[in-house]
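Structure record follows, encoded as structure tokens.
The values are calculated or read from the model by the stated rules, or taken from the named source; none is laboratory data. In this text, all values refer to a predicted model and were calculated from it rather than measured experimentally. In this analysis, Cβ positions are derived from the backbone assuming ideal geometry, glycine residues included, and neighbour counts consider all displayed protein chains. Accessible surface areas use protein heavy atoms only, side chains included; no ligands, DNA or RNA. Shrake-Rupley method; radii C 1.70, N 1.55, O 1.52, S 1.80 Å.
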Amino acid sequence: SPDEGWQVYTSAQAPDGKCLCTAVIPVQGSCSRDLRSHQLRQLMEKVQNISQSMEVLDLRTYRDLQYVRNTETLMKGLDSRLKVAAESQKSLNAKSFQELKEKMTELLPLLPVLDQYKSDTRLIVHLKEEVRNLSGNLLAIQEEMGAYDYEELQQRVLMLEARLHACMQKLGCGKLTGVSNPITIRASGSRFGSWMTDTMTPSADTRVWYMDGYYKGRRVLEFRTLNDFMTGQNFVQHLLPHPWAGTGHVVFNGSLYYNKYQSNIAVKYHFRSRSVLVQRSLAGAGYNNTFPYSWGGFSDIDFMVDENGLWAVYTTNQNAGNIVVSQVDPQTLEVLRSWDTGYPKRSAGESFMICGTLYVTNSHLAGAKIYFAYYTNTSSYEYTDIPFHNQYSHISMLDYNPRERVLYTWNNGHQVIYNVTLFHVIKTSGEL
């Protein structure tokens, strides 16, 4: 259903009987963003607001009650003096009158306290109305959800997300046909940098890694969740033993792959053990701004991950500055196979891999589009014309995450994601 995030644009039957569809896959975890979950989040926020208001009201009421109790003696004394004065005006001399004035002065602070009580009364009426609305909303959701309790609903959501993930895995690799509007997650850091999630972990692992700057950096921040990243909270710091060059880093199965500064050495750093597991030179690969992307920034070597595994994109003198795509063994960092794309790397804004295809942008500035595609499965290429909105006009990192099927971008100090539209060949073996 389109309401669930799925969009099927066209469908047809190939001569061999396969079903061909153009589809947009919903963003990972879209089940958690349905109407009922949205209502529940609103109710949770309302409950939290009411609880906070009640706490403030309770503290204020307690404070004002103590003040009223303390003024009770003064009020009784003043009342008796007024009675005496009323019975015998002769006894009300100048001294007594002055004492009455002083007693009245002591009671003057009671007026704003009483005003506050009036305000609190209005607040209580408002809170009663909020609770009444809350009860009505909860009743409506309870009727909508039927007999399911929260734990059962949570299990159903997890089951649905597992089925969605399994369904996504059954989709054959697709050809990129479109890119969504940008979604800005956060604005932080310098003009250049990189951020990412692991491309090969269970969907419950939502950690985010953040690396500000494009050279000589060693500080990697690991945030517990995307929400923590958005708020800048709950993170740990990793200090790499070797500084990095460029922004072409990638996290794959618990390890960070990056280019060691002032070298063509690839480094595999394991986060859990906080150690380098392996490092290896990419033979002949340019480094130190010899063959960067058009924006510079020591972006000579760019690591990527797609549905087919780990890749390194770079160039060599032997390839005359054209982009080389190499498939890399993630355990040993050994190059398994390489392709010469024929596209000059200095003319590329950024590039990324999807399903074994390298997609290259024609610029890192405003007006950029995905201009070139190289297919490693056929060793062929074509020029494309896929526009996307370069909102902040200076992209210094662009990577595809096959687990989430989105593009991660660092754009002029903004961390941005794009959803992608792929043309899929849907496998007919098994139930989708």
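State the number of residues belonging to segment 295-316 that are touching a residue at least 24 places away in the same chain (Cβ under 8 Å) and on the phi > 0 side of the Ramachandran plot.
Step one: of segment 295-316, the residues touching a residue at least 24 places away in the same chain (Cβ under 8 Å) are 295, 297-308, 310-316.
Right, trim to on the phi > 0 side of the Ramachandran plot and you get 297-298.
Of the residues in that region, 2 qualify.
Is it true that some residue in segment 278-291 is more than 15 Å from residue 216 (Cβ to Cβ), hydroxyl-bearing (Ser, Thr, Tyr), buried (at least 23 other Cβ atoms within 10 Å of the Cβ) and at pLDDT 95 or above? Quick ask: steps written out before the conclusion?
Taking segment 278-291 and keeping what is more than 15 Å from residue 216 (Cβ to Cβ), we get 278-286, 290-291.
From what's left, hydroxyl-bearing (Ser, Thr, Tyr): 281, 290.
With the extra rule that they be buried (at least 23 other Cβ atoms within 10 Å of the Cβ), the set shrinks to none.
No, because not a single residue in segment 278-291 is more than 15 Å from residue 216 (Cβ to Cβ), hydroxyl-bearing (Ser, Thr, Tyr), buried (at least 23 other Cβ atoms within 10 Å of the Cβ) and at pLDDT 95 or above.
On the given criteria, is residue 208 β-branched (Val, Ile, Thr), open to solvent by less than 60 Å² (accessible area, probe 1.4 Å), over 21 Å from residue 227 (Cα atoms) and modelled with pLDDT of 90 or more? Full working, then the answer.
Numbers: β-branched (Val, Ile, Thr): yes; open to solvent by less than 60 Å² (accessible area, probe 1.4 Å): yes; over 21 Å from residue 227 (Cα atoms): no; modelled with pLDDT of 90 or more: yes.
Spelling it out, it is not the case that residue 208 is β-branched (Val, Ile, Thr), open to solvent by less than 60 Å² (accessible area, probe 1.4 Å), over 21 Å from residue 227 (Cα atoms) and modelled with pLDDT of 90 or more.
Is it the case, given these coordinates, that residue 367 is in the same structural domain as residue 410 (by the TED database), more than 27 Å from residue 193 (Cβ to Cβ), surrounded by fewer than 23 Cβ atoms within 10 Å (Cβ to Cβ) and without any contact (Cβ under 8 Å) to a residue 60 or more places away in the chain? It would help to see each step written out before you state the result.
Numbers: in the same structural domain as residue 410 (by the TED database): yes; more than 27 Å from residue 193 (Cβ to Cβ): no; surrounded by fewer than 23 Cβ atoms within 10 Å (Cβ to Cβ): yes; without any contact (Cβ under 8 Å) to a residue 60 or more places away in the chain: yes.
Taking the combined requirement at face value, the residue does not satisfy it.
Residue check, residue 228 against (1) surrounded by 16 or more Cβ atoms within 10 Å (Cβ to Cβ); (2) under 18 Å from residue 398 (Cβ atoms); (3) modelled with pLDDT under 95, all met but one. Which one?
(2)
Which ones in segment 179-197 are open to solvent by 50 Å² or more (accessible area, probe 1.4 Å) and aliphatic (A, V, I, L, M)?
Selection gives 183, 187.
Within segment 395-432, can you find the residues that are of a type in the set (Gly, Ala, Ser) and at pLDDT 85 or above?
Within segment 395-432, the subset of a type in the set (Gly, Ala, Ser) is 396, 413, 429-430.
Those that are of a type in the set (Gly, Ala, Ser) and at pLDDT 85 or above: 396, 413.
Of all the residues that make up segment 325-363, how many are open to solvent by less than 10 Å² (accessible area, probe 1.4 Å) and of a type in the set (A, V, I, L, M, F, W, C)?
Qualifying residue count for the region: 9.
Could we say that residue 269 is in the same structural domain as residue 398 (by the TED database), aromatic (Phe, Trp, Tyr) and open to solvent by 40 Å² or more (accessible area, probe 1.4 Å) here?
Numbers: in the same structural domain as residue 398 (by the TED database): yes; aromatic (Phe, Trp, Tyr): yes; open to solvent by 40 Å² or more (accessible area, probe 1.4 Å): no.
It is false that residue 269 is in the same structural domain as residue 398 (by the TED database), aromatic (Phe, Trp, Tyr) and open to solvent by 40 Å² or more (accessible area, probe 1.4 Å).
With a cut-off of at least 2 residues that are within 26 Å of residue 412 (Cα to Cα) and not hydrophobic (A, V, I, L, M, F, W, C), name the strands (runs of 3 or more DSSP E) lying wholly within segment 213-330. Walk me through it before giving the result.
Working: elements: 219-223, 235-239, 250-252, 255-259, 265-270, 275-281, 302-306, 309-314, 322-328.
Qualifying strands (runs of 3 or more DSSP E): 219-223, 235-239, 255-259, 302-306.
Just need a number here: residues in segment 355-385 that are modelled with pLDDT of 95 or more and of a type in the set (A, V, I, L, M).
4
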